[in-house]
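Q: The structure under discussion is supplied below as structure tokens; questions concerning it will follow.
The values are calculated or read from the model by the stated rules, or taken from the named source; none is laboratory data. All values derive from a computational prediction rather than experimental measurement. Here Cβ is always computed from backbone atoms with ideal geometry, including for glycine, and neighbour counts include all displayed protein chains. Accessible surface is based on the protein model in full, side chains and every heavy atom, while ligands, DNA and RNA are left aside. Shrake-Rupley method; radii C 1.70, N 1.55, O 1.52, S 1.80 Å.
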Amino acid sequence: MKMVKIYFLACLFSIPASAKEIHVSLSGSDSNEGSLLKPLKTIAAAKNKVRKLNKNMTEDLNVYIHEGIYHLNEPLVFDSQDSGTEGHSISYQAFGNDIVSIRSAIYLNKWKKTELGDEIYKSNPPKFNYRHLIINQSFATRARAPNKKSDGTFGPYFKAQVLNNTTIELEPEKLLTESSYQGDIKSDIELIKIDHWYHNRIKLSSIKKIDNKIIVKTPNEKPLHKPLDFYKNTIYYLENSIGFLDDNNEWFYDKKDSVTYLKESPKTIQKKNNIWHPTLENLITISGSPTNPVENIEFKNLTIEGTTWLAPQDKSINFTQLAQPLKGYEATVPATIALKHTKRIKIKNNTIRLSGGNAINLFDSDESEIEGNKIYNISANGIQVDSDIQTPDDSERSTDVLIWNNEIFNTGQEFTNGGAILVGNTKNTVIEHNLIYNLPYTGIQLCNQPGNKRHIGCENNRICYNHIHNAMRLHDDGGAIYTLGGHHKNTVIAENFIHDVKAGLWAGNYPVSAIYLDNFTSNVTVRDNVIVGGKAEERNGSKNNFLIGNDTNDETIKAKSGIARGYNPKLSSCSAAAH
């Protein structure tokens, strides 16, 4: 029956005669030849077959992946041996209109009732250090106090007072019960603290009740490195104790006994393969070298989903804006799709979701094209380019990256100062016609911190025709579009449509701007942006920028903002000059 379907689809969907092809199907075998009627079974086997066909290519090569969920026990790793050659490309794509998912997953289908409370169940997955649980294609909530009631702000929160660089007094009127302290304090409970643009996940060394107060200690001074005045509006919640498991959709993993506890409805519990732990930190890794990059590979029309990130479970990490670990924490946020030392890689029309870190990371990735993807339910950032090294050498700086027609929403779901797009000190990056919304912090950040007015390689970048709304729902000191400083050479921010960007209920007292030029930003043209309920503003030493026409209400700009099918950014008319 499966072969009949494949043959029918082969007739229904015309395959270009100018391209070679390899087929992958869950009903196939890796001992097959990889034809339509004798497909391979795994994508890894297809990749190995490509290596036999990509020497001195004379035409493009398509790897067609047929309907189904393809489970990975290890990431798909591509290196320079997997490149398209002689100017031809290799495309890994769904066959026809088939729905194809690539994921890492351990499913939890066997649940038992417990005596812990109403509708609290337990399951025994294989022993692993899990950090994420997925239910109904969304991240479930790690058991926390107070319980999460808002999907926009993740609140409510408790208030805290920072006493010194290692000691915090938690809100006294919200004393926690003794049952909340079950488990090993040092290895299990996490304090999630939010201040302005910071997101801080702290492993506590102690929690004590002293004179009707709750006093917590941090292992060292790194999580609380600012002057005490900075923490006047500190909010927090506690996470990851079985004592917090009291609200629907909350879960707790007892790693000692390898038991997952979940409070959920019987209907959800009983649905097969509806509840699962992701197991990998990356699903697709494309990595060459500075002198031998991976080239000419495309991923198209796929659903790529389900990753984790375990480092925050083992140590404290303080994240500055756009979910970047501060120096000294020895942490790098992984991505579902990670590119390093690449050239002409295309990620097109995919759904990328349920990432435990970022969705897409690029480093030293020239002429990359990120087009038409739907990116959502992401723990940190949607797309990140060159941010891990703030001032890379020119030889390792990404250039000519095109990011357009993507729909990005619900990022920063775990690391709440994550955003949609973070671009470091790159050259010729184009960010156009994206639809970005529902974010706890900034939509787009361009360039990183120089500490002064010097030029650090951020030049000739364009942010145009984007539609950004409902950003800055939790944090302050950010905006829909945010720049960090130094001398930007010929950067343009123009004709974007921005609305519903304002400080939220839990924000501190730092400013929020629709377009926020921060910390010595200079030589940026900001023109003709339609901003409803906000402004384009220079702050903190930013000057010598050109701001004009940002009070317009031009309906033409509104109408053409956001996704524009068929648009080609290589033919963009966006420039510093008004049209």
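Q: Filter the range 414-428 down to residues that are among the hydrophobic types (A, V, I, L, M, F, W, C) and part of a strand (DSSP E or B) and give me whichever is farthest from His455 (Cα to Cα).
A: The extreme case among them is Ile421.
Q: Can you pull out the residues in the range 17-67 that are open to solvent by 50 Å² or more (accessible area, probe 1.4 Å), in contact with a strand residue (DSSP E or B) (Cβ under 8 Å, 6 or more places away or on another chain), modelled with pLDDT under 95 and not basic (Lys, Arg)?
A: Matches in the range 17-67: Ser18 only.
Q: Okay, next question. Select from the range 195-209 the residues that are touching a residue at least 12 places away in the same chain (Cβ under 8 Å), assigned to a strand (DSSP E or B) and open to solvent by 10 Å² or more (accessible area, probe 1.4 Å) and list them in ascending order.
A: Correct list: Tyr198, Lys203, Ser206, Ile207, Lys209.
Q: A further question on this structure: Can you name the residue in the range 278-334 that is in a loop (DSSP other than H, G, I, E, B) and among the small types (Gly, Ala, Ser) and is also most open to solvent (accessible area, probe 1.4 Å) among such residues?
A: Checking each candidate, the answer is Gly328.
Q: State all residues of the range 90-103 that are of a type in the set (S, T, N, Q) and open to solvent by 50 Å² or more (accessible area, probe 1.4 Å); if no residue qualifies, say none.
A: Answer for the range 90-103, where residues must be of a type in the set (S, T, N, Q) and open to solvent by 50 Å² or more (accessible area, probe 1.4 Å): just Asn97.
Q: Out of the range 458-486, which residues are surrounded by fewer than 24 Cβ atoms within 10 Å (Cβ to Cβ) and part of a loop (DSSP other than H, G, I, E, B)?
A: Matches in the range 458-486: Asn460, Asn470, Asp476.
Q: Still on this model: Do we find a residue being closer than 27 Å to Leu354 by Cβ and exposed (fewer than 14 other Cβ atoms within 10 Å of the Cβ) anywhere in the range 71-89?
A: Yes, that holds for at least one residue.
Q: Please go through (1) farther than 15 Å from Val501 by Cβ; (2) part of a loop (DSSP other than H, G, I, E, B) for Ile431 and return the number of the only condition it doesn't satisfy.
A: (2)
Q: In addition: Mind listing whichever residues of the range 509-557 are open to solvent by 20 Å² or more (accessible area, probe 1.4 Å), small (Gly, Ala, Ser) and under 17 Å from Tyr441 (Cβ atoms)?
A: If the condition is that a residue be open to solvent by 20 Å² or more (accessible area, probe 1.4 Å), small (Gly, Ala, Ser) and under 17 Å from Tyr441 (Cβ atoms), then Gly534 is the only one that fits.
Q: Any residue in the range 339-351 that's under 15 Å from Trp404 (Cα atoms) and open to solvent by less than 60 Å² (accessible area, probe 1.4 Å): show its pairings with residues that are assigned to a strand (DSSP E or B) and among the small types (Gly, Ala, Ser) at Cβ separation under 8 Å, as long as the two are six or more apart or on different chains.
A: Ile345/Ser365
Q: Let me ask something else about it. Could you look through the range 395-413, keep only residues that are open to solvent by 10 Å² or more (accessible area, probe 1.4 Å) and assigned to a loop (DSSP other than H, G, I, E, B), and pick out the one that is modelled with the lowest pLDDT?
A: So, considering only residues that are open to solvent by 10 Å² or more (accessible area, probe 1.4 Å) and assigned to a loop (DSSP other than H, G, I, E, B), the one modelled with the lowest pLDDT is Arg397.
Q: Cβ-Cβ distance below 6 Å, separation of 6 or more or different chains: which pairs start in the range 476-501 with a residue that is within 13 Å of Phe520 (Cα to Cα) and end on one that is among the basic types (Lys, Arg) and surrounded by fewer than 24 Cβ atoms within 10 Å (Cβ to Cβ)?
A: Gly486/Arg454
Q: Right, another one. Scan the range 558-579 residue by residue and report those that are of a type outside the set (Gly, Ala, Ser) and open to solvent by less than 40 Å² (accessible area, probe 1.4 Å).
A: Within the range 558-579, Pro569, Cys574 qualify.
Q: Can you confirm whether Asn373 is modelled with pLDDT of 95 or more, open to solvent by less than 10 Å² (accessible area, probe 1.4 Å) and of a type outside the set (Val, Ile, Thr)?
A: For Asn373, the condition - modelled with pLDDT of 95 or more, open to solvent by less than 10 Å² (accessible area, probe 1.4 Å) and of a type outside the set (Val, Ile, Thr) - is met.
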